[in-house]
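Visitor: Below is one structure. I have some questions about it.
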Amino acid sequence: MALLSVASRPVPPCAAEDAVEMSTRAAVHEVVIAGLDLVEAALNGNLYPQAASLIRQEIEAVEVVRGLRQKRQEKNRTPRLKALRHLGRDYKMLTDLAHVTGFDLLRHLALQEDGMVHFRRHKAMARHLLGLHIFALAGISLDVSHLRPFSPTSFLSPLEDELIAGVMGVLAAEGLAVVKWQAPPFCPDQIQ
């Protein structure tokens, strides 16, 4: 994926006044990267509440780095889903699963057999959560590319740019992303 490609590049030196913001953004990126295998394992294991918690964290990470870039993210404050407000219903579903308060949804996802309760494979839920996961990763990838640009004139390599554009097209077709037609997304704020 584009995220691992972009994250493998070295971080160029920055001005001292930007060092705290840059190091904070890099730490947020690492939280998302460290959780990649966990999200995939949770989805593969039909552990939808656990996957929802991690995907919710990824979406919040996209908003945190946006807030940091815009100098609006306050320390120890929950990020506002300003740029991603179209995810409102999805974010509520993630929150309900993460907080285990979406009782109807939990019962729908659970299967009771032989006196045991376990989460069954739910293809539509797995697909939807995977789409939200990929959407968040695209947003983080674009922010990482600003800390670790491909070249002095381009944040993304041609292949990374093609991957992000392709992913966004698929997510838009699935109704998970709003893509405004313009040049390829060179700025993290262009992904919505």
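Only the coordinates and a few stated rules stand behind these numbers; no lab work does. What you are looking at is a predicted structure, and each value in this text was computed from that prediction instead of being measured. Positions of Cβ are backbone-derived with ideal geometry, glycine not excepted, and every protein chain shown enters the neighbour counts.
Visitor: Would you be so kind as to identify which of PRO10, PHE103, LEU142 lies farthest towards the positive end of the dipole of the chain, taking Lys and Arg as +1 and Asp and Glu as -1 on Cβ and the Cα centre as origin?
Guide: PHE103
Visitor: Under a Cβ-Cβ cut-off of 12 Å, what is the net charge of the residues other than VAL28 that fall near it, where Lys and Arg count +1 and Asp and Glu count -1? Could the numbers behind the result be given before it?
Guide: On the way: positive: ARG25, ARG66, ARG69; negative: GLU21, GLU30, GLU58, GLU60, GLU63, ASP143.
The answer is -3.
Visitor: Which of ASN44, GLN73, HIS118 sits closest to the plus end of the dipole of the chain, meaning its Cα is farthest towards the positive end, when Lys and Arg get +1 and Asp and Glu get -1 on the C-beta?
Guide: The residue sitting most towards the positive pole is GLN73.
Visitor: Rounded to the nearest 20 Debye, what is the dipole magnitude of the chain about its Cα centre when Lys and Arg each give +1 and Asp and Glu each give -1 at the C-beta? Display every interim value, and only then the final one.
Guide: Details: 21 positive and 21 negative charges, 105 e Å.
Taking the Cα centre of the chain as origin, the dipole is about 500 debye.
Visitor: List the trypsin sites (Lys or Arg not before Pro) within region 1-108 that DSSP assigns to loop and that have no more than 13 neighbouring Cβ atoms inside 10 Å.
Guide: Details: sites: ARG25, ARG56, ARG66, ARG69, LYS71, ARG72, LYS75, ARG77, ARG80, LYS82, ARG85, ARG89, LYS92, ARG107; in loops: LYS71, ARG72, LYS75, ARG77, ARG80, LYS82.
Answer by residue number: LYS71, ARG72, LYS75, ARG77, LYS82.
Visitor: Taking K and R as +1 and D and E as -1, what net charge do the other residues with C-beta under 14 Å from the C-beta of TYR48 add up to?
Guide: Values: positive: ARG56, ARG107, ARG120, ARG121, LYS123, ARG127; negative: GLU40, ASP90, ASP96, ASP104.
My count for the surroundings of TYR48 gives +2.
Visitor: When the helix-only estimate is applied to the chain (DSSP H runs of n ≥ 4, each -39,500 (n - 2.57), divided by the residue count), what is the mean residue ellipticity at 222 nm, nearest 500 deg cm²/dmol?
Guide: On the way: 8 runs with 115 residues, N = 192.
Theoretical 222 nm ellipticity from helices: -19500 deg cm²/dmol.
Visitor: While we're here: Explain nothing, just compute: Karplus ³J(HN,Hα) = 6.51 cos²θ - 1.76 cosθ + 1.60, θ = phi - 60°, for every residue of region 149-159 in order, whole Hz, x for Gly and Pro.
Guide: In residue order, the calculated couplings are x, 5, 8, x, 10, 8, 6, 10, 6, x, 5 Hz.
Visitor: Taking Cα atoms, how many degrees apart are the long axis of helix 123-147 and the longest axis of the chain, rounded to 10 and kept between 0 and 90?
Guide: So the inclination is approximately 20 degrees.
Visitor: So, one more: Report, by chain and number, residues whose modeled amide H sits under 5 Å from the one on PHE119, excluding near sequence neighbours (fewer than 5 apart, same chain).
Guide: Result for PHE119 returns LEU111.
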